[in-house]
Each structure stands twice: as C-alpha cells, then as structure tokens.
Amino acid sequence: MNMEYKTRSYPLFAACGLNCGLCPRFHTAGTSKCPGCGGEGFSKVHPPCGALSCCQRMDLEYCFDCPEYPCKKFDGTDLTDSFITHQNQFRDLDKAKRMGIKTYDVELNEKVRMLENLLKMYDDGRRKSFYCLAVNLLELSDVKVVMEKIVDTADNAATIKEKAIIAVRFFEEMAEQRDVLLKLRKKNQVVKD
C-alpha cells in the first residue's frame, strides 16, 4: 500500500532535487504518467518515497531546508539513474537553494517548455528519453543554443526522422563540448573503486 502525500505546490522539482518536469514518465500519456513529486495522484503511480515522506513529516518543501541535508537517505542516489538522471541532483538542489526556488522554477519551466517542443516537433517516437536526459544534464544556455541550431537546420528536413537525427546530432555535439555523457547509468554499469 502506498503512502498518501500532501499535494505539493510545484511538483516539477522534487523534494530530493530531481527535475521531475524533465522525466520521461512526466511526459507519458498512459496510465504510468507521473504527475511529478507530490503532484495530484502521485501515490497511485509512484512507489513510496523516503525523501518526500521525510520532508512532509518535517513540514519541509525541499531536502535542502533540513539542517541534516544531505542525510543518509542520499547515500549512493547520485551513482545510478532511474527513469530520470540523478547525476545533477545535488547540484540542482544547491542551485535552487542558492538562487531561490522561484528563480530556479523559472529556469526549470523554460527547460520543460523546450523539452515539450522537442517532443512535439522532433521526436520520431524513439527520442523521448534522450531529449529528457539532454535537456536535464545540459545548462539552460547550452540547451537554448542547441534549440536555435535545431530550428535553423531541422525545420528544412523533409521527415520527422530526419529532424530527429539532426536534433540528436546537435545535442551530442554540445554534450561532447561540455564533457557530458548523455546516457542513463544503470546499477549493473556502476564500477566501484
């Protein structure tokens, strides 16, 4: 039985620092669609979450509000990924705390809008996870540059498949420049020292 959570005011950014608005499950139309962290109906589609439970028990909106952050609940969470990358989880929490959650929300909302545009205009049915990962891991300024290149080049392509190939190429080029690996890390792929 899943725990019932209070509905959060901004479910696109998780209590634990994941960018739920950039997750493939958030952009799914089927019954597995996730409404984001603590969004309406969250308990019906998401397994119990220790970080969210703890925040709600302590009446906190985000883990960074806790004097014990980062606590043992975070041990190893940034080493592997689920549907969404955990690579920038701490960076994004720290960024939201430093710049203020309202400012961070504006940035995340802009990334979500660009992702939605990618999925609508440049997804050949096989690129959702890739686009989610690329938009999540690259800085907003880099995503904007890539989006401008995509619009300037891909809109002249004849098919959605051709547009997708162009978009992926531009994201891969930017990721290589920034030394960012655009691949989810599975548990069995992690090498321990």
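What follows is calculated from the coordinates using simple rules that are stated; it is not laboratory data. Predicted model only: the values in this text are computed from it and were never measured. Backbone-built Cβ (ideal geometry, glycine too); neighbour counts: all protein chains shown.
Extent along the principal axes, Cα only, for the chain: 53, 39, 36 Å, with the longest axis given first. Each Cα pair under 8 Å and six or more residues apart adds its sequence gap; the mean of these over the residue count of the chain is a relative contact order of 21 percent. Each Cα pair of region 1-99 feeds into the Kirkwood radius, which the Stokes-Einstein equation turns, at 4 °C and 1.567 mPa s, into a diffusion coefficient of 95 µm²/s. Ordering 141, 53 by the number of other Cβ atoms within 10 Å of each residue's own Cβ, fewest first, gives 141, 53.
Modelled spin labels at residue 185 and residue 31, positioned 7 Å past Cα toward Cβ, are 3.4 nm from each other.
For residue 72 and residue 153, a Förster radius of 41 Å and the Cβ-Cβ distance give a FRET efficiency of 0.30, rounded to the nearest 0.05.
Excluding same-chain neighbours fewer than eight residues apart, the lysines reachable from residue 111 by a Cα-Cα span under 17 Å are 95, 102, 120, 128, 144, 149.
Taking 7 Å steps out from each Cα toward its Cβ at residue 61 and residue 162 produces label points 4.7 nm apart.
Residue separation of residue 128 and residue 4 scaled by 0.36 nm, minus their Cα-Cα distance, works out to 41.7 nm of gained length. With coordinates expressed along the principal axes, the C-alpha atoms belonging to region 101-183 extend over 41, 25, 22 Å, beginning with the largest. Across region 14-53, the residues whose backbone nitrogen lies under 20 Å from the label position 7 Å along the beta-carbon direction of residue 94 are 14-20.
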